[in-house]
Amino acid sequence: MHFVVDSQQAGTRLDRFLCDVRPDLSRSHARALVDNGLVVVGGEVGHAAQRLARGDEVTVEWRSISSLLGLPEPDPSVLNVVYEDEDIIVLDKQAGLVVHPGGLYRDGTVAQLAQRRFGELSTRGGADRPGVVHRLDKESSGILLLAKTDEAHAELQRQFKARETEKDYFAIVHGTPRFHSDWIEDRIDRDPKHMDRMRVVRSGGRDAATYWEVLERFQGFTTLRCRPKTGRTHQIRVHLAAHGMPIVADARYPHRQRNALVQPQGAPVLERHALHAKGLVFTHPTRGERMSFVAEVPEDLRNFVDWLRTHLASSEGGRGA
């Protein structure tokens, strides 16, 4: 990568400059590139604290943080492609993959892997979020939509904002709800005591609506179909926990009377929260046709449900997943 320092960037430290021109870089990653002699300023190897001058030419030999630490390179082949054309990519994201860089997660994200695998993607959402139209939590699995072009990205974002898309989630929760189905319409805001969490609030915040219905009942557990009308951060997890149905293995949103991390003795241990984006319906951004995609419930969640059917079956039963 090659950059020329302009008048506004003059006087900036080299490591800070790299983060400014590449928003997906963490300061530690930028420092590692410099410390490994991979950044040249004006023909000489740079150092992190040096101040740049207008017109300085900066050349960077790109290496991922994994390679700099001697770790295996993230492999783009881990992306499970459900559909691809000249405008969009539909993935079945596996649990454990972060969608885009942020916080502690800077390398091996879906956005980075997709860029390596598919080439140029839309940067309408930011240079550090190539292709990203919407997000799934790190531990959540399921259908994820990416955009190749800015035009497709803009139209898809409009559909999400206008609530023209249809989202369908599968969840395993603690508890046995009284009703077969219901709407949760509690407002959601960031928790001032824990900035990485959201919470239900009586006033302020943003409106949020989640429809849920029972799929199958067990002793102390239930599988649900959830259809969020809005797309707030952690919405389904926050709503269900606030109504006494915390998602199994969700460490961030337990319930005061139910510890979401407590799993039945002898059951297959879930290493991530039991939430899966099973389906997504949207209109193709250029062809105008309605498209529907489904990602089958992953093996870890299926095995857990099979164990519940065998060991904690309920006389109330249900329709199943």
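Observations on the model:
- Positions within the stretch 261-300 being in contact with a His (Cβ under 6 Å, 6 or more places away or on another chain) and closer than 18 Å to residue 216 by Cβ, in sequence order: 297
- Under the condition of being crowded, with 20+ Cβ neighbours inside 10 Å and not polar (S, T, N, Q), the residues counted in the stretch 215-233 number 7.
- Among the residues making up the stretch 1-39, those that are without any contact (Cβ under 8 Å) to a residue 40 or more places away in the chain and either touching a His at 6+ places or on another chain (Cβ under 8 Å) or part of a loop (DSSP other than H, G, I, E, B) (or both) are 8, 34, 36, 37, 38.
- Conditions (1) surrounded by 22 or more Cβ atoms within 10 Å (Cβ to Cβ); (2) at pLDDT 95 or above; (3) not polar (S, T, N, Q); number of the one not met by residue 114: (2)
- Counted as qualifying within the stretch 203-321 are the strands (runs of 3 or more DSSP E) with 1 or more residues that are within 21 Å of residue 177 (Cβ to Cβ), in contact with a helix residue (DSSP H, G or I) (Cβ under 7 Å, 6 or more places away or on another chain) and at pLDDT 95 or above, namely 210-218, 221-228, 275-283.
- Considering the stretch 11-32, the residues that are under 18 Å from residue 128 (Cβ atoms) and in contact with a Leu (Cβ under 7 Å, 6 or more places away or on another chain) include one that is surrounded by the fewest Cβ atoms within 10 Å (Cβ to Cβ), namely 19.
- None of 92, 128 is part of a loop (DSSP other than H, G, I, E, B), buried (at least 18 other Cβ atoms within 10 Å of the Cβ) and not hydrophobic (A, V, I, L, M, F, W, C) except 128.
- The set of residues in the stretch 249-307 being within 18 Å of residue 227 (Cβ to Cβ), β-branched (Val, Ile, Thr) and touching a Ser or Thr at 6+ places or on another chain (Cβ under 8 Å) consists of 281 alone.
- Residue identified as closer than 28 Å to residue 88 by Cβ, basic (Lys, Arg) and surrounded by 16 or more Cβ atoms within 10 Å (Cβ to Cβ) among 272, 287: 272
- Filtered by the rule that a residue be surrounded by fewer than 14 Cβ atoms within 10 Å (Cβ to Cβ), touching a residue at least 12 places away in the same chain (Cβ under 8 Å) and in a loop (DSSP other than H, G, I, E, B), the stretch 182-202 gives 185, 202.
The values are calculated or read from the model by the stated rules, or taken from the named source; none is laboratory data. Note that this is a predicted model, so its numbers are computed, not measured. Note: ideal-geometry Cβ built from the backbone for every residue, glycine included; neighbour counts use all protein chains shown.
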